[in-house]
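For reference, the structure discussed in these notes is given below.
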Amino acid sequence: MSIAKTIKRLSRPHCWQPGTLGLLLLLAFANVHAQSIEYNGNEIKIALSEDVQAAIDSGVSLTFENELVHSNQWAFFHWHSHETIHSFVVTRHTLSNRYLLHQDGQVAPRIFSSTRETMAYIAETATGQFSNYHQKWSTDEASKQTQNSHKMRLRLSKTKLPGPMRLTAFITSAWDLNSGWKSWQSDQ
Amino acid sequence: MAIRSIVKKISAPLPVISVCTGLLFALSYLIIRSLSDDESGELQFWITVIGGLGVAILVFFLVSNGYALVSQYRRNEIGSRLTSKMVLIFFFLTVIPFSLIYFFSIQFLNKGVDSWFDVRIEQTVQDSLLLSQSALEGIKEEVITDVQKIANNIRQNQNKPANELLDILKDLREINEFTELSLYTDDGRILAFSSIDEANILPNTPGDEVFTELRLNQTYTLLEPISETMQQFRVVTPIPGNQLGRQFYGVQAIKVLPLRYATLASSVETANNQYAQMVFARGPLKFSLIVTLSLISLASLLFSMLTAVYLSRRLVAPISNLAAGTQKIAEGDYGSHLPVTSADELGILTRSFNNMSSKISQAQQVALASQTETEQQKGYLEAVLTNLSSGVFSFDESERLQICNSAACEILGLAQESLLQKTAAELCHEDHHAKQFFELINSGLKSKQNNWQEEITLLGTHGRQMLIIRGSVLHLNNDLFAEDSGEVLKPLENYVVVFDDVTNLIQAQRDAAWGEVARRLAHEIKNPLTPIQLSAERIKLKLHDQVEGELQETLDRSTRTIVQQVESMKEMVNAFSSYAQPVRAKLADLNINLLVRDVAELHTSSLQGIKLVLDLSDDLPNIKANASALRQVLNNLIINASHALEDCEAPSISIHTQTAAKVTGEYIDLVIKDNGSGIPDDIRESLFDPYVSSKAKGSGLGLAIVKRIVEEHSGSVWTRQVEPQGTAMHLRLPINAMQTYRGNRRQNSLNSNDVNGAESDV
């Protein structure tokens with residue numbers, strides 16, 4: 001909340017200085033690794049910040065992306081292949097006071113009475129998706145012959161936020177919902 | 001060094017302009033995208049980063065340029081001050097308008113964004129939402145009422161067979177225009193269902209949360225969106241169970257909202273969401289716009305500042321080059337050419353400077369050649385003057401001594417530094433032995449005569465000197481005209497004084513004259529004397545026995561007289577020859593006190609009855625002198641003194657030596673004093689001339705020989721009357737005269753062997 005206040009204060013013209021711009025740029029880089037989606041064993045727990053909760057209640061669509069990658073290594077170099085992204089778009093239906101979840105572009109949404117249920121469903125689904133892909137890649141003959149790992153990352157896509165909100169989302173940690181890369185070895 | 005070169009290259013105007021242009025385009029794109037919701041978020045992020053980096057690069061350019069300018073300013077490089085002033089002026093001219101524009105832009109931006117959110121619009125949106133909700137609530141109540149009726153109907157028919165129950169459901173669904181109607185047990189199993197879609201073999205089963213509410217005997221209702229434009233009501237109500245141990249049954253009815261209602265509801269929902277989203281995003285939107293505007297303003301401001309720096313450098317560069325060129329010329333580096341970079345007034349000025357520099361270089365070369373020639377002539381003149389045996393003085397128009405050659409200093413025995421740059425009058429007032437010399441020169445200069453000549457005898461550091469001085473007036477600039485006015489310049493009157501030490505020359509002339517006289521005397525007088533004497537003796541011998549008495553006595557007396565007179569004449573001729581012959585001897589160190597004691601000892605026996613007193617100075621230095629010649633001088637003077645003491649009651653002779661401290665140069669004084677009858681007044685002036693004597697006997701050459709020997713030693717001799725009676729003979733001899741001054745004049749050296757003993761005749 002303090003960051004939101006800071007932004008509000010900085011929005012005032014008389015407070016805006018070029019030095020503040022530099023400070024904010026530093027903050028943007030400083031908050032890259034903040035995480036509000038955490039792994040608990042093989043489960044994922046998503047905790048929305050107040051700012052994000054307020055945004056979704058104000059009708060802002062949130063897009064979560066579950067990235068599943070096949071990570072390769074040669075010497076000291078790592079690269080990803082077989083990248084698959086599943087998207088979860090969460091919106092609030094004001095007339096019914098429900099939260100709608102559109103998964104991978106499906107027309108019919110899933111309906112939830114709260115964001116907690118919605119996030120739980122997303123976490124469960126993402127974990128299930130990774131298990132499915134992990135099982136699929138583990139049985140792949142070509143993959144078996146290499147020392148590879150499978151990774152997943154669930155994060156809120158800031159670039160798919162409404163335009164005016166992107167810059168704020170980039171430089172404030174409240175919007176930094178990112179699980180980070182979670183790896184499982186091939187034999188797992 | 002390489003890094004500095006790279007920084008210098010990338011700090012050049014072209015990279016900076018490129019960065020600024022790209023930056024401004026990127027930021028302009030960013031501000032446009034800030035207002036849109038399309039899928040360009042990733043690009044927007046990178047543009048923001050690039051904008052920040054671009055600003056950082058511009059700041060780096062500005063700082064590096066500013067640092068370079070400050071360094072140049074501290075090093076006092078030419079042009080740095082003017083560049084700094086121009087940069088500061090440009091900065092002020094840039095920063096003030098930019099600050100104003102930025103301030104008012106922020107104000108307008110805030111006001112503009114706030115104006116989007118009107119209270120009436122917000123109220124309208126909320127009202128429409130409430131209206132929609134109310135309308136949907138009415139529809140929902142109708143659906144609930146219908147479903148509860150259906151539940152009562154099913155409860156009454158629950159004991160009927162399944163086929164009949166299915167038909168009842170189908171009829172009820174069709175009557176109530178439901179999309180789907182289904183019956184569930186309390187554990188969620190499907191008992192029967194009817195759907196408008198015949199191909200649908202499974203019902204849209206409710207979730208667990210629905211059965212939870214049914215267990216509480218509550219009706220579950222939900223408006224569900226099934227597509228972007230379609231919505232449906234799901235209503236589930238419990239039916240109390242009365243058989244087979246069932247607690248309740250559940251009836252679920254799904255009714256699709258009519259298209260008209262659904263479209264309107266969706267529209268209201270979308271509008272409400274968008275407005276709420278706008279309200280929520282108002283702060284971030286302002287922030288985004290302000291950030292972008294600030295980046296653009298900052299980039300523009302930095303670009304303007306850098307442009308100011310580059311423009312200032314470009315404008316000042318020709319002026320700096322001119323200043324540097326002028327400084328080079330001031331330091332003597334002529335002929336430097338500056339690059340002409342423009343055709344404007346600065347270019348004309350630079351070309352004019354190059355022309356001027358070329359002309360100065362040519363003039364300098366001419367002047368240098370002239371100076372070299374002048375120096376060569378001056379060197380030649382100095383060489384000539386140095387090798388001259390004559391002393392040369394040159395006085396300028398203010399009678400100040402400008403040139404004094406080494407011969408002049410040597411003749412006068414004065415240092416060159418003590419003479420140069422002094423006027424003749426100033427030299428006259430200085431206390432030295434040449435005072436009379438300079439007085440004579442001063443009077444010559446004052447006379448303004450073109451040519452004048454004087455003679456003077458000095459008692460200088462080298463002894464008595466006879467100088468001939470010739471002066472001339474030099475009229476300079478007679479043919480010169482002032483270049484600008486054509487006016488005839490006033491001729492400058494400089495003076496040249498040439499003087500020679502003719503002491504030796506006159507001495508040589510006198511020696512030659514007396515030598516000629518001696519030769520003639522020897523030839524004309526001395527030669528006949530011997531025959532005369534022999535003839536007189538022969539007459540006496542032949543006639544002495546032939547005469548007697550008075551005649552014999554007369555013969556003896558006459559021949560004796562003839563013989564005596566002839567002897568006397570021989571002595572006179574010998575003395576005269578001794579005087580006339582130039583004495584030649586080498587000088588050696590001589591203790592004059594020892595010489596005096598020797599001579600006094602020699603005359604002890606002959607000076608019976610005369611008291612001889614020696615008053616000799618103990619610290620008397622040795623002098624360069626010929627001992628034999630000086631011994632003859634002392635003999636002559638002592639004998640003369642003893643002759644003067646005849647008929648004197650208490651005769652005494654005193655000899656006194658001392659250093660002549662009051663006289664410039666180093667001399668010794670030797671004084672021989674007696675208390676005799678003194679020198680008669682009639683011969684006092686010509687006492688030292690030959691053939692001057694107060695006695696009947698004597699050649700009159702004794703004091704003349706004394707004077708000649710003393711003068712040969714560069715000394716002087718004079719007499720003084722002693723009170724109450726007596727005479728003092730003063731001799732002043734230089735301590736080191738001949739070796740330094742006349743060492744090269746072999747003819748002046750004394751030879752005691754040539755000195756015949758001259759007899760005292762005073």
_Which numbered condition in (1) surrounded by 12 or more Cβ atoms within 10 Å (Cβ to Cβ); (2) at pLDDT below 85; (3) within 23 Å of A:Met165 (Cβ to Cβ) is the only one that B:Asp118 fails?_
(1)
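One line per residue, one yes/no per condition, for (1) more than 30 Å from A:Thr94 (Cβ to Cβ); (2) over 39 Å from the mean Cα position of the chain (by Cα); (3) of a type in the set (A, V, I, L, M):
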position: B:Ala56; (1), (2), (3): yes, yes, yes
position: B:Ser71; (1), (2), (3): yes, no, no
position: B:Leu82; (1), (2), (3): yes, no, yes
position: B:Lys85; (1), (2), (3): yes, no, no
position: B:Phe98; (1), (2), (3): yes, yes, no
position: B:Asn110; (1), (2), (3): no, yes, no
position: B:Trp116; (1), (2), (3): no, yes, no
position: B:Thr124; (1), (2), (3): no, yes, no
_Residues to consider are A:Ser81, A:Ser96, A:Ser113; find the one that is surrounded by fewer than 20 Cβ atoms within 10 Å (Cβ to Cβ), facing chain B (nearest Cβ under 9 Å) and of a type in the set (S, T, N, Q)._
A:Ser113
*Find the residue count for region B:166-187, including only residues that are touching a residue at least 40 places away in the same chain (Cβ under 8 Å) and part of a loop (DSSP other than H, G, I, E, B).*
4
*Answer yes if at least one residue in region B:203-221 is part of a strand (DSSP E or B) and within 14 Å of chain A (Cβ to nearest Cβ), and no otherwise.*
yes
*Residue tally, condition closer than 24 Å to B:Arg81 by Cα, among the hydrophobic types (A, V, I, L, M, F, W, C) and not in a helix (DSSP H, G or I), over region B:318-369*: 2
*In the set B:Val55, B:Val70, B:Val87, B:Val63, which member is exposed (fewer than 13 other Cβ atoms within 10 Å of the Cβ) and closer than 24 Å to B:Ser18 by Cα?*
B:Val63
*Residues of region A:99-110 being surrounded by fewer than 16 Cβ atoms within 10 Å (Cβ to Cβ) and more than 13 Å from every other protein chain (Cβ to nearest Cβ), which ones?*
A:Asp104
*For region B:96-115, name all the residues that are loosely packed, with under 15 Cβ neighbours inside 10 Å and among the hydrophobic types (A, V, I, L, M, F, W, C).*
B:Ile96, B:Leu100, B:Ile101, B:Phe103, B:Phe104, B:Phe108
*Having 1 or more residues that are modelled with pLDDT of 90 or more and more than 25 Å from B:Val502 (Cα to Cα) is the bar; report the strands (runs of 3 or more DSSP E) wholly within region B:606-714 that clear it.*
B:611-615, B:652-659, B:667-674
*How many of the residues making up region B:6-30 are in a helix (DSSP H, G or I), at pLDDT 65 or above and out of contact with any Leu (no Cβ under 6 Å at 6 or more places or on another chain)?*
16
_If I ask for residues that are within 7 Å of chain B (Cβ to nearest Cβ) and within 14 Å of the chain's Cα centre (by Cα), which ones from region A:155-165 would you list?_
A:Lys158, A:Thr159, A:Lys160, A:Leu161
*asked:* Restricting to region B:428-455, name every residue that is surrounded by 13 or more Cβ atoms within 10 Å (Cβ to Cβ) and in contact with an Asp or Glu (Cβ under 9 Å, 6 or more places away or on another chain).
replied: B:Cys428, B:Phe438, B:Leu440, B:Ile441, B:Asn442, B:Ser443, B:Gly444, B:Leu445
*Single residue of B:Ile78, B:Ile101 found to be touching a residue at least 60 places away in the same chain (Cβ under 8 Å), assigned by TED's automatic domain parsing to the domain that holds B:Phe303 and not in a helix (DSSP H, G or I)*: B:Ile78
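Conditions tested, residue by residue: (1) surrounded by 16 or more Cβ atoms within 10 Å (Cβ to Cβ); (2) of a type in the set (A, V, I, L, M); (3) free of Cβ contacts under 8 Å to residues at least 40 places away in the same chain; (4) within 14 Å of chain A (Cβ to nearest Cβ).
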site: B:Thr263; (1), (2), (3), (4): no, no, yes, yes
site: B:Glu269; (1), (2), (3), (4): yes, no, no, yes
site: B:Ile290; (1), (2), (3), (4): yes, yes, no, yes
site: B:Ala308; (1), (2), (3), (4): yes, yes, no, no
*Which of the residues that make up region B:132-145 are in contact (Cβ under 8 Å) with a residue 24 or more places away in the chain and within 13 Å of chain A (Cβ to nearest Cβ)?*
B:Ser132, B:Ala135, B:Leu136, B:Ile139, B:Lys140
*Would you confirm whether any residue within region B:381-393 is among the charged types (D, E, K, R), in the same structural domain as B:Lys446 (by TED's automatic domain parsing) and outside any loop (DSSP other than H, G, I, E, B)?*
no
_Selected residue (only one of B:Val384, B:Val340 is within 19 Å of B:Ile78 (Cβ to Cβ) and either free of Cβ contacts under 8 Å to residues at least 24 places away in the same chain or surrounded by fewer than 11 Cβ atoms within 10 Å (Cβ to Cβ) (or both))_ = B:Val340
*Yes/no for B:Arg314 being assigned to a helix (DSSP H, G or I) and either aliphatic (A, V, I, L, M) or under 16 Å from B:Met86 (Cβ atoms) (or both)*: yes
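Looking at region B:742-760, is at least one residue at pLDDT 80 or above and in contact with a Pro (Cβ under 9 Å, 6 or more places away or on another chain)?
Within region B:742-760 (the criterion being at pLDDT 80 or above and in contact with a Pro (Cβ under 9 Å, 6 or more places away or on another chain)), the answer is no, since none of the residues qualifies.
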*Could you tell me whether B:Thr372 is touching a strand residue (DSSP E or B) at 6+ places or on another chain (Cβ under 8 Å) and either in the same structural domain as B:Thr457 (by TED's automatic domain parsing) or not aliphatic (A, V, I, L, M) (or both)?*
no
_Quick test of your reading of the structure: B:Ile329 fulfils all but one of (1) away from chain A (no Cβ under 14 Å); (2) in contact with a Pro (Cβ under 9 Å, 6 or more places away or on another chain). Name the failing condition by number._
(2)
_Regarding region B:227-237, can at least one residue be identified that is of a type in the set (Gly, Ala, Ser), facing chain A (nearest Cβ under 10 Å) and out of contact with any strand residue (DSSP E or B) (no Cβ under 6 Å at 6 or more places or on another chain)?_
yes
_Suppose the filter is surrounded by 16 or more Cβ atoms within 10 Å (Cβ to Cβ), at negative phi and at pLDDT below 75; does B:Gly460 pass it?_
yes
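Output the residue which, of all residues in region B:633-651 that are out of contact with any helix residue (DSSP H, G or I) (no Cβ under 7 Å at 6 or more places or on another chain) and within 21 Å of B:Ile592 (Cβ to Cβ), is surrounded by the fewest Cβ atoms within 10 Å (Cβ to Cβ). Show your work before the answer.
Filtering region B:633-651 down to residues out of contact with any helix residue (DSSP H, G or I) (no Cβ under 7 Å at 6 or more places or on another chain) leaves B:639, B:641-651.
Add one more test, that the residue is within 21 Å of B:Ile592 (Cβ to Cβ), and what stays is B:639, B:641-642.
Working: B:Ile639: 18, B:Ala641: 29, B:Ser642: 21.
So the residue we want is B:Ile639.
The values are calculated or read from the model by the stated rules, or taken from the named source; none is laboratory data. Computed from a predicted structure; not experimentally measured. Note that we place each Cβ from the backbone using ideal geometry, even for glycine, and neighbour counts take in every protein chain shown.
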